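Engineer: A single structure is presented below for examination.
Laboratory data are not the source of any read-out in this text; all were calculated from the coordinates shown. Predicted, not measured: the structure shown is a model, and the values here were computed from it. Quick reminder, even Gly has a Cβ in these numbers, built from the backbone with ideal geometry, and neighbours come from all protein chains shown.
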Amino acid sequence: MKKNNIILPLIIVCTVSLLSILISSCIGEQNKSDSEKEPSANYVDLKSDTIPFISEISDKSKFFIRTNDSVTYFCDIVYPATTAHLYCTFRFADADKMEQLWDEAYRLAGNHLVTSSYIDEQAVSNTFGVRGVVFDMGGKAATPYQIALTDGVTFFFNASLYFDDGSHGDDVPDLVDRMKKDIDRFVLNFHLNVD
């Protein structure tokens, strides 16, 4: 009889302990997934009479034109709450100039081979007839993400993501992932302003 008196409380204690561990594990997982959720990005139209292209940018960013002439536009997309900075160049170019501009885009990406642990190249295109390539770089590359876009006939656009505080992509992976999403959205909506 004494044996049964000991076993029942032991079973109760073990059951309560196991339930307690399971509940705290579930609560921990719920809190973890809530804290890892990032707010969904809101995007605004990037359209101006002073630039020859249209796209969408995050409402957390600011667009600036550094310099321009009738052929080349140097502009930036800056994220004031971070150190992220997308340096952009848009050029009007004919088919003869396109090969040189593509070579330059690949050379710029290749310059990071020394410090990057990898460079993934991905072909991209959108519904506006724009196509190009995205270079995704890992390791200590100064820029973790570069893009080159063209319609193959009239323009060439390239951009590189940098961090003004000197961070590398591996130093700020969550920020890089958010910037990649914004840049990918920019690529999908990029086209000439023909108005």
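Engineer: Provide the net charge surrounding Ser55, with neighbours chosen by a C-beta distance below 9 Å and charges set as Lys +1, Arg +1, Asp -1, Glu -1.
Structural biologist: Around Ser55, the charge tally is 0.
Engineer: A further question follows. What nm distance separates the two modelled labels at Arg107 and Thr127, each placed 7 Å from Cα along Cα→Cβ?
Structural biologist: Spacing of the two 7 Å Cα→Cβ label points: 3.7 nm.
Engineer: At 20 °C and 1.002 mPa s, grab the translational diffusion coefficient of region 43-192 from Stokes-Einstein with a Kirkwood Rh over Cα pairs, rounded to a whole number in µm² per second.
Structural biologist: 138 µm²/s
Engineer: In addition: Karplus couplings for region 46-56 from phi (6.51 cos²θ - 1.76 cosθ + 1.60, θ = phi - 60°), rounded to Hz, Gly and Pro as x?
Structural biologist: 9, 8, 8, 6, 8, 10, x, 9, 10, 6, 10
Engineer: Could you tell me the distance between the Cα centroids of region 122-195 and region 61-97, to the nearest Å?
Structural biologist: Rounded to whole Å, the Cα centres lie 12 Å apart.
Engineer: Then there is this: Which residues among region 128-167 fall inside the zone where the amide N is under 19 Å from a point 7 Å beyond the Cα of Tyr118, along Cα→Cβ?
Structural biologist: Residues 133-147 qualify, since their backbone N sits under 19 Å from the label point.
Engineer: Given points 7 Å out from each Cα along the Cα-Cβ axis, report the Asn193 to Asp49 separation in nanometres with one decimal.
Structural biologist: The two pseudo-label positions are separated by 1.0 nm.
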